[in-house]
Amino acid sequence: MKTLTVAEARQDLSAVIADITAHSEHVLITKNGKPAVVMMTVEEYEALEDTIFWLSVPGVLDQVTSADSAQDRGDASGYTRMTLDDLRADRAHFAATGEDLPDAELPSRQPR
């Protein structure tokens, strides 16, 4: 990971942003010699938020592991493949409504 001081980052912020977006790299910005922030692409940030959210839902990791095992055995008929859009729509639903997270029983995960 590249490290820059605040002054260095400020000096050519456009180039720093261009490097981050072109190479999907992270840049650590230090202030007074101490780590202050990490810069990354919006896509990577959103993916991290998605991962943290879904890993906080009870049962999700077990359900994914079970689905992966079933797929490896060639028997994933009881599982519904979800797209990234499905996952983000479910996440947005809970963020917007403030409902409690279910135990991995979201409408988009029901058999279609």
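The values are calculated or read from the model by the stated rules, or taken from the named source; none is laboratory data. A quick note: this is a predicted structure, and the numbers were derived from the prediction, not measured. All Cβ positions, even for glycine, are placed from backbone atoms using ideal geometry, and neighbour counts span all protein chains on display.
(1) surrounded by fewer than 11 Cβ atoms within 10 Å (Cβ to Cβ); (2) at pLDDT below 95: which one isn't true of Lys34, the others all being true?
(2)
Report the residue count in the range 44-80 for those that are surrounded by 12 or more Cβ atoms within 10 Å (Cβ to Cβ) and of a type in the set (Ser, Thr, Tyr).
Looking only at that region, the number is 4.
Val57: in a loop (DSSP other than H, G, I, E, B) and among the hydrophobic types (A, V, I, L, M, F, W, C), yes or no?
Judged against the criteria, Val57 is a match.
Would it be correct to say that Asp68 is of a type outside the set (A, V, I, L, M, F, W, C) and at pLDDT below 80?
yes
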